[in-house]
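A.B. asks: Just passing along the structure, written as structure tokens.
No lab work stands behind these numbers, since they all come straight from the coordinates. Being a predicted model, the structure only gives us computed values, none of them experimental. Cβ placement follows ideal geometry from the backbone for every residue including glycine, while neighbour counts extend to all protein chains displayed.
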Amino acid sequence: MSNQTTDQTNEPTVPASPVSSGPGNALRFMRSWRTAGIGIPFLVLFVALSIASGPFLHAQNLINIVDQQAATLCIAAAGTLVLVTGGLDLSVGAIYGLSTVVVGNLAQHQSPFVAISVTLAVGLFVGLINGLIVTVFKINALITTLAMSFVIGGIALKVSAGNLIVLNLNSNFYKFANTMVWRVPSAVLMMLLVVIVLSLLLTRTTFGRHMIASGGNAEAARLAGIRVNRVRIITFVLSGGAAALAGAIDTSRLLSAQAAGGGNTLAFTVLAGIVVGGTSIAGGEGSVWRTFIGVLFIALVGNGFVLEQIDPLYQQIVLGIILLVAVGLDAWARQRRR
Amino acid sequence: MTNAQTNDVRSTAGIPGGDLVVTGVSKRFGGVPALTDISLTITPGKVHAFIGENGAGKSTLAKIIAGVYTPDEGSLTLGGRPLTLRSPREALDNGIITIAQELAIVPGLTVAENVYLGSEIASRGFLNRREAHRRFDALATRIGFDLSPDVVAGSLSIADQQKVEIMRALSRNASIVVMDEPSAALSSQESVALHDIIRSLAQRGSAVVLISHFLNEVLSLADTISTLRDGHLISTVEATGATTESLIEGMLGRSLSAAYPEKILASADAPVVLTVSHLSAAGVDDCSFEVRRGEILGIAGLVGAGRSELVRAVFRDAKVTQGSVHLNGRQLSGRHPSESIAQGLVLIPESRKQMGLLMGRSVMENISLARLDLVGRFGWLSKHRERVTVAALMEQTTVKGATLATPATMLSGGNQQKLLFARSMMCSPSVLIADEPTRGVDVGSKRAIYDLLVQMASEGMGVIVISSELDEVLGLAHRILVMRHGHFTAELTGDDINESNVLAAAFSEVRLG
């Protein structure tokens with residue numbers, strides 16, 4: 001949504017009209033902050049790390065960072081759409097956990113294609129359930145997805161019987177996320193595809209506008225003829241699907257799966273990335289590529305701590321402060337707008 | 001603020017504070033002047049009315065008196081002492097209390113808790129409920145309200161909630177009570193009761209600042225009337241010398257007739273585009289009517305008569321319990337507004353901020369929202385086509401001071417409303433319903449919106465206009481249906497269209513048809 005702001009003003013078909021001044025300046029600054037937003041601190045951090053740490057700028061280090069974040073980035077890209085539409089999906093960590101054990105179990109005996117397809121179907125289905133509960137039963141999205149994450153977490157334990165599933169390095173399933181294309185693993189490429197497709201979906205399609213409208217003012221959207229509930233359900237389905245894909249990617253990368261394998265904090269890491277990227281928690285505004293930068297920003301902070309061998313204790317504190325600043329700026333921007 | 005502090009200040013308040021003198025007050029919002037050089041005096045024991053069109057600055061002035069806004073220039077004095085108010089709290093401490101347009105009731109608390117909200121009766125930090133009840137009962141008896149102190153305030157009617165606010169004002173011995181549109185949400189009997197309260201407040205020595213759209217109310221209640229227009233104080237007169245006509249002329253700066261475009265009546269044999277038969281829904285009881293091509297139908301009635309409920313039922317935005325709606329001969333059967341729009345029926349809702357616009361999004365996105373299919377293919381948007389289409393619509397609806405990328409929130413009320421007209425035009429409907437199309441719109445834009453309505457009708461749409469401003473319905477409609485209690489009480493055409501007929505029907509118990 002963001003870059004249209006700049007190219008529209010130069011468009012010749014627009015009737016020449018006076019550019020309003022004064023009250024808009026602060027607002028326009030905020031909009032441009034949102035647009036450039038996280039890009040600037042990201043670049044600063046990137047340059048700082050390049051100078052401070054020798055190994056940082058190595059292609060392999062950078063690829064590793066993105067490879068490690070591929071799963072988070074997939075989920076966060078879809079999560080952005082949920083937030084823009086005025087929802088919130090806290091169950092992505094649990095869906096991720098469930099899909100790792102589902103895909104892990106299936107990959108032991110079935111073809112990778114079957115394993116991955118079934119896993120994606122499971123993720124999409126859980127997303128559908130989330131969406132239906134939120135819209136049909138009108139239960140708050142936060143509560144719904146929190147409750148669902150307990151349910152799904154339990155099912156994941158049942159599926160794996162609490163065991164760690166270990167896969168064979170020689171299986172075809174390993175190739176799913178680890179096939180190298182010019183030194184770039186397929187996990188990264190799949191993630192990029194998801195990010196690009198979802199970003200275009202939000203900015204360039206009718207459905208994208210419907211998401212923004214539903215999140216910005218559901219009543220207005222409904223009266224303008226938008227089927228708000230349908231739009232919301234679809235975003236939850238996409239979110240569930242993305243979490244399942246992320247689970248499959250990570251299982252293939254790591255060749256192991258566990259019901260609670262990192263899924264517990266994942267939902268919050270994802271949310272932090274989205275918010276640091278500048279997507280409004282109140283809905284109606286947001287951008288997938290800024291979420292992309294936001295997630296990587298947090299990852300760079302982590303990487304910097306590792307490279308500089310700083311106590312990881314401080315990493316959490318810094319992350320918390322970054323998150324507060326991001327949310328604070330969002331709240332401030334919304335107050336200015338009134 | 002600690003308890004000790006408030007108590008100290010409050011002990012000095014409560015005494016009628018003498019004249020409140022406003023001298024040379026100006027206020028700007030982001031460079032746009034809202035008030036310019038206002039000077040007036042508010043006297044204890046008098047009802048002082050502020051009147052003016054929406055956007056004239058009367059609410060801004062009231063908010064300055066109430067400490068919500070601080071003036072950019074000018075000063076206030078109370079009983080000769082300079083008065084600097086930085087918050088409503090400080091105004092309260094000086095005996096100034098506001099009863100706002102939007103009620104400030106905490107719905108989950110009881111009536112008594114709401115009355116003593118912010119000045120809880122307590123000893124050593126613990127609430128003293130018995131004492132609170134005793135004082136509440138004393139207050140209620142004194143002013144003749146029969147509210148139960150233990151009822152949850154959220155369950156009360158709007159009128160009763162307003163009583164709670166008034167009791168809050170009285171419990172603090174306010175010397176100046178500012179009332180912003182107090183009777184807007186009240187039924188006629190409730191208004192009468194409110195008027196008695198306002199008079200008794202003044203008799204007891206309080207100054208009442210009354211902001212009202214209802215000129216009859218102003219003329220019967222006020223002692224002094226100040227007229228504002230475009231942020232300037234036009235006049236301050238004694239109510240005894242004023243008439244409705246003189247007040248309107250002061251508010252508009254011209255006489256009423258020039259405010260509306262000429263009526264272009266639809267021919268009597270124009271085809272019927274909308275047929276509503278025996279429609280019932282929540283708040284709507286067995287309503288039937290037709291709208292012809294090119295016709296402007298006005299629906300009049302008091303607030304709460306069921307006008308908005310009726311059009312929302314017609315628009316399929318509310319559950320219909322009985323009856324049918326035919327558009328161009330085809331029955332509207334959908335259960336979602338999207339289907340009504342697809343069939344050619346469009347609604348401009350009564351509240352553009354809550355129900356109409358995406359305030360933070362651009363002009364372009366707001367206009368194209370309902371018909372994105374026209375500027376895209378297979379769900380993929382063509383930005384170029386969208387810009388061209390929307391720019392043309394902006395020109396047609398005379399949206400000013402905005403580019404395609406300007407966020408809706410930066411537009412004036414009038415231009416925001418024009419965005420909704422542009423959106424409706426893009427749907428090229430056969431019937432347009434405009435619910436309160438000029439609420440909160442400045443005088444100049446009002447005329448532009450009337451012109452748009454007339455133009456859309458003359459292009460062959462059937463137009464339905466709902467307005468709480470009676471003048472507006474009288475000035476625009478070719479035919480008027482008057483509603484009361486969810487059904488029609490009169491149908492007025494031609495020379496029968498006048499204020500007294502509409503008012504008589506609005507209070508009539510006779511059912512039409």
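A.B. asks: Counting only DSSP beta bridges with both residues in the protein assembly as shown, what percent are antiparallel, rounded to the nearest 5?
C.D. replies: 60
A.B. asks: Just going by the charge dipole of chain B, with Lys and Arg at +1 and Asp and Glu at -1 on Cβ, which of B:Ser412, B:Ile65, B:Ser362 is farthest out on the positive end?
C.D. replies: Farthest towards the positive pole: B:Ser362.
A.B. asks: A further question on this structure: Is there a simple number for the mean count of other chain Cβ atoms within 10 Å of the Cβ of residues in A:197-208, and what is it?
C.D. replies: Across the residues of A:197-208, the mean count of other-chain Cβ atoms within 10 Å is 3.
A.B. asks: Report for chain B the percent antiparallel among DSSP-assigned beta bridges with both residues inside it, nearest 5.
C.D. replies: Antiparallel bridges make up about 55 percent of those DSSP assigns within chain B.
A.B. asks: Could you give me D for the protein assembly as shown, from Stokes-Einstein at 37 °C and 0.692 mPa s, where the hydrodynamic radius is the Kirkwood radius over C-alpha pairs? Units µm² s⁻¹, please.
C.D. replies: In µm²/s, the coefficient rounds to 108.
A.B. asks: A follow-up question, please. Which residue, chosen from B:Gly108, B:Ser155, B:Ala132, occupies the Cα position most advanced towards the positive end of the dipole of the stretch B:106-172, where the dipole is computed from +1 (Lys, Arg) and -1 (Asp, Glu) charges on Cβ about the Cα centre?
C.D. replies: Checked the options; the winner is B:Ala132.
A.B. asks: Something else now. Please give the peptides B:280-288, A:46-54, A:248-256 ranked by average Cβ packing (other Cβ atoms within 10 Å per residue), highest first, as a rough proxy for protection.
C.D. replies: Descending packing order for the listed peptides: A:248-256, B:280-288, A:46-54.
A.B. asks: Once both axes come from the Cα atoms, what is the angle between helix B:188-203 and the longest principal axis of chain B, in degrees from 0 to 90, rounded to 10?
C.D. replies: Relative to chain B, helix B:188-203 is tipped by roughly 30 degrees.
A.B. asks: Turning to a different aspect of this structure: Extent of chain B along each principal axis, from alpha carbon coordinates, in Å, largest to smallest?
C.D. replies: Here the spans come out as 70, 50, 48 Å, largest first.
A.B. asks: While we're looking at this one, here's another question. Just check the stretch B:129-280 against the gyration tensor rule for me: Cα atoms, a ≥ b ≥ c as the square roots of the eigenvalues, rounded for a/c under 1.5, and otherwise prolate or oblate depending on whether a/b exceeds b/c.
C.D. replies: Oblate is the answer for the stretch B:129-280, as a/c is 1.5 or above yet b/c matches or exceeds a/b.
A.B. asks: Can I ask one more? Using θ = phi - 60° and the Karplus curve 6.51 cos²θ - 1.76 cosθ + 1.60, what whole-Hz ³J(HN,Hα) does each residue of the stretch B:340-355 get, with Gly and Pro shown as x?
C.D. replies: Here the 3J(HN,Hα) series is 5, 5, 4, 8, x, 10, 10, 10, 9, x, 5, 10, 5, 6, 7, 10 Hz.
A.B. asks: Residue by residue through B:352-361, how many Cβ atoms from other chains fall within 10 Å of the Cβ on average?
C.D. replies: Average per residue, whole number: 6.
A.B. asks: Related question: Identify all lysines with a Cα-Cα distance to B:Lys58 below 17 Å; exclude those on the same chain that are fewer than 8 residues away in sequence.
C.D. replies: B:Lys58 reaches B:Lys27.
A.B. asks: On to the next question. Sort all Cα-Cα distances of the stretch A:119-171 into consecutive 5 angstrom bins from zero, then give the percent of pairs in each bin up to the one containing the longest distance.
C.D. replies: 4, 17, 19, 21, 16, 10, 7, 4, 2, 1
A.B. asks: Next question. Under a crude label model (7 Å from the Cα following the beta-carbon direction), how far is B:Arg130 from A:Val136 in nanometres?
C.D. replies: 5.5
A.B. asks: Just from its helices, what would the mean residue ellipticity at 222 nm be for chain B, if runs of 4 or more DSSP H residues each count -39500 (n - 2.57) and the sum is divided by every residue, rounded to the nearest 500 deg cm²/dmol?
C.D. replies: For chain B, the value works out to -9500 deg cm²/dmol.
A.B. asks: Additional query: Looking only at A:Val318, A:Val237, A:Val327, which one moves most when chain A is put into a Gaussian network model with springs between Cα atoms under 10 Å?
C.D. replies: Highest fluctuation among the options: A:Val318.
A.B. asks: Apply the Karplus parameterisation 6.51 cos²θ - 1.76 cosθ + 1.60, with θ equal to phi minus 60°, to every residue of the stretch B:273-281 and state each ³J(HN,Hα) to the nearest whole Hz, in sequence, with x for glycine and proline.
C.D. replies: 9, 10, 10, 10, 10, 6, 7, 10, 7
A.B. asks: Highest mean first, how do B:150-158, A:200-208 rank when packing is the count of other Cβ atoms within 10 Å averaged over residues?
C.D. replies: Averaged packing, sorted descending, gives the order A:200-208, B:150-158.
A.B. asks: What residue among A:Leu167, A:Leu83, A:Leu73 shows peak mean-square fluctuation when chain A is described by a Gaussian network model with Cα springs under 10 Å?
C.D. replies: Among A:Leu167, A:Leu83, A:Leu73, the largest mean-square fluctuation in the Gaussian network model of chain A belongs to A:Leu167.
A.B. asks: Which whole-number percent gives the relative contact order of chain B, counting Cα pairs below 8 Å spaced six or more residues apart?
C.D. replies: This gives 15 percent for chain B.
A.B. asks: What angle, in degrees between 0 and 90 and rounded to the nearest 10, separates the Cα long axis of helix B:443-458 from the longest principal axis of the Cα atoms of chain B?
C.D. replies: So the inclination is approximately 20 degrees.
A.B. asks: With both partners inside the stretch B:127-268, how many of the DSSP beta bridges are antiparallel, as a percent to the nearest 5?
C.D. replies: The antiparallel proportion sits near 55 percent.
A.B. asks: Which residue fluctuates most in the GNM of chain A (Cα springs below 10 Å): A:Arg232, A:Arg290, A:Arg183?
C.D. replies: Evaluated over chain A, the most mobile residue of the options is A:Arg183.
A.B. asks: Ok, one more. Tell me, what is a quarter of the convex hull surface for the C-alpha atoms of the stretch B:284-438, in nm² with one decimal?
C.D. replies: Average projection, Cα convex hull of the stretch B:284-438: 9.9 nm².
A.B. asks: Between B:Ser246 and A:Trp182, what is the label-to-label distance in nm when each label sits 7 Å out along the Cα-to-Cβ direction?
C.D. replies: Those two pseudo-labels are separated by 8.4 nm.
A.B. asks: Listed here are the pairs B:Lys63/B:Lys446; A:Lys138/B:Lys319; B:Lys319/B:Lys353; B:Lys263/B:Lys446; which of them are more than 21 Å apart at the Cα?
C.D. replies: B:Lys63/B:Lys446; B:Lys319/B:Lys353
A.B. asks: Something else: Take the Cα pairs of the stretch B:106-172, get the Kirkwood Rh, then feed it into Stokes-Einstein at 10 °C and 1.306 mPa s and tell me D in µm²/s.
C.D. replies: 135
A.B. asks: How long is the stretch B:352-428 along each principal axis, judged by its Cα atoms, biggest number first, in Å?
C.D. replies: Answer, in whole Å and largest first: 34, 24, 22 Å.
A.B. asks: Quick one: if you stick a label point 7 Å off each Cα along the C-beta vector at B:Ile158 and B:Asn498, how many nm between them?
C.D. replies: Roughly 3.0 nm, to one decimal.
A.B. asks: Please work out the FRET efficiency for the pair B:Ser508 and B:Thr236, using the Cβ-Cβ distance as r and a Förster radius of 30 Å; give the result to the nearest 0.05.
C.D. replies: 0.20
A.B. asks: Okay, next question. Along each of the three principal axes of the Cα atoms of chain A, give the extent in whole Å, ordering the values from largest to smallest.
C.D. replies: Principal extents (largest minus smallest coordinate, Cα): 67, 54, 38 Å.
A.B. asks: If I take every Cα pair under 8 Å that is 6 or more residues apart in chain A, average their sequence separation and divide by the length, what percent do I get for the relative contact order?
C.D. replies: 32
A.B. asks: Moving to a separate point now. If you plug each phi of the stretch A:221-231 into the Karplus form 6.51 cos²θ - 1.76 cosθ + 1.60 with θ = phi - 60°, what whole-Hz ³J(HN,Hα) values come out, in order, with x for Gly and Pro?
C.D. replies: 4, 5, 5, 8, x, 8, 7, 4, 4, 4, 4
A.B. asks: Give the average, rounded to an integer, of partner chain Cβ atoms located within 10 angstrom of each Cβ in B:383-389.
C.D. replies: The per-residue average across the peptide is 3.
A.B. asks: Continuing with the same structure: Would you mind checking the tilt of helix A:312-337 against the longest principal axis of the Cα atoms of chain A, expressed as 0 to 90 degrees and rounded to 10?
C.D. replies: Helix A:312-337 sits at roughly 30 degrees to that axis.
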